[in-house]
Amino acid sequence: MEVKRIVHGDIKAYFKVLTDSLLSDYNAAMQAEYTSDVLKSGLTYQKKLRNSFGNEGTVSVSIDRFEENHYAASFESAQGINQLSYDLEPLDDQQFEVTYKEDFFSESKSKSLNYSIMSKLYKRSSKKKMNLMLDAIEKMIQE
């Protein structure tokens, strides 16, 4: 699933919000205080998450791409691999385009099929959540 939008504001400030969020997640997982210097393509770490039933599991996080205005990560669990990416493309000094993508892959055909069906059923809801998240980030850079 993909959402694109034009953002009015500073592209560097937007990417800093993404960087700060990633660093916060990494520091929480590592139980340490690192600086953004550790963030780079190829970085991997483990984090604990709770599912909707309250069960705790471990997710392997891999930063697939981390360079100026581009960030992509994979989250691997027993269910499969969730991938997300942010691509920021400058349009002029005052605005840029954000492309946010989410995908899911699984070795299990039934899990892949289930994701495919559910993503179609919840497409509107998922896009609404994505847009709300992007709205929040945009609001942060404009304050």
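The values are calculated or read from the model by the stated rules, or taken from the named source; none is laboratory data. Quick caveat, the model's predicted, so the values are computed rather than measured. Side chains included, ligands, DNA and RNA excluded: accessible areas come from the protein's heavy atoms. Shrake-Rupley method; radii C 1.70, N 1.55, O 1.52, S 1.80 Å.
Against the criterion of solvent-accessible heavy-atom surface with a 1.4 angstrom probe, HIS8, HIS70 sort, most first, into HIS8, HIS70. Taking each residue as 0.36 nm, the span from SER41 to GLU97 lengthens on full extension beyond its C-alpha to C-alpha distance by 17.9 nm.
Which of GLY57, GLY42, GLY80 moves most in a GNM of the chain, Cα contacts under 10 Å? Highest fluctuation among the options: GLY57. For the chain, the fraction of 1.4 Å probe accessible surface lying on carbon and sulfur atoms is 50 percent. Rolling a 1.4 Å probe across all protein chains gives ASP93 an accessible area of roughly 140 Å². Checking (1) 14.4, 40; (2) 26.5, 82; (3) 16.1, 47 against the coordinates, the calculated Rg and Dmax of the Cα atoms in Å falls under label (3). Between PHE105 and SER21, full extension at 0.36 nm per residue minus the direct alpha carbon distance yields a gain of 27.8 nm. Computed with a 1.4 Å probe on the full set of protein chains, the accessible area for VAL59 sits at about 10 Å². Taking LYS40, LYS48, LYS16 in turn, the Gaussian network model of the chain (Cα-Cα springs below 10 Å) assigns the largest fluctuation to LYS48.
When the Gaussian network model of the chain links Cα atoms closer than 10 Å, the mean-square fluctuations of ALA32, ALA72, ALA13 top out at ALA32.
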